[in-house]
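This report refers to the structure that appears directly beneath it.
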Amino acid sequence: MPVLKMTKKVLDLIEPPVKGREEYRDAEVSGLVLRVTASNAMSWTFQYRYEGRNQRFTIGKFPGIKLGVARKRAVTIAGLVAGGANPAEDKKLARVSRKQISGEPPRRRRLKFFQVGPNGIDNLIVPFD
């Protein structure tokens, strides 16, 4: 993953990859990444580790969100992570609560998984919507 000294001029010169996606790290703000897809969709993300796992928080689409704004948001998110929060999980929980408040029905899922209790696998949980 290339590290770039990002400026407006540099961002304008970024070409989309032939296939898949390419990620460019900002040299100024640690964790700020510009993701570029083959269809030339660009988005800002902040990558960090929480409880030993890599996490990604999507800041927004480029050029809708400018470099300076993305850097400020990345610094804010880094502060939350340093304080012990997991912004990606908080964002997911906020989305779920908004849907519950609005009365929007949950999406149907075809998930099947096992609940592991103190004595091993207790039962099969199948969500019913």
Against the conditions (1) among the aliphatic types (A, V, I, L, M); (2) buried (at least 17 other Cβ atoms within 10 Å of the Cβ); (3) touching a helix residue (DSSP H, G or I) at 6+ places or on another chain (Cβ under 8 Å), where does Ala88 fall short? Just the number, please.
(3)
With Arg98, Arg107 as the choices, which residue is modelled with pLDDT under 80, over 28 Å from Leu4 (Cβ atoms), out of contact with any Ser or Thr (no Cβ under 7 Å at 6 or more places or on another chain) and assigned to a helix (DSSP H, G or I)?
Arg98
Which condition from (1) among the basic types (Lys, Arg); (2) at pLDDT below 95; (3) within 22 Å of Lys92 (Cβ to Cβ) is the one that Lys9 breaks?
(3)
Contact list please: Cβ distance under 8 Å, first residue in the range 80-97 and farther than 15 Å from Ile59 by Cβ, second residue surrounded by fewer than 15 Cβ atoms within 10 Å (Cβ to Cβ) and among the charged types (D, E, K, R), pairs at least six apart or on different chains.
Asn86/Glu51
Taking Arg25, is it modelled with pLDDT under 95 and under 19 Å from Met1 (Cα atoms)?
no
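The values are calculated or read from the model by the stated rules, or taken from the named source; none is laboratory data. Since the model is a prediction, treat every value here as computed from it, not as a measurement. Because the Cβ atoms are built from the backbone with ideal geometry, glycine has one as well, and the counts that use them run over all protein chains shown.
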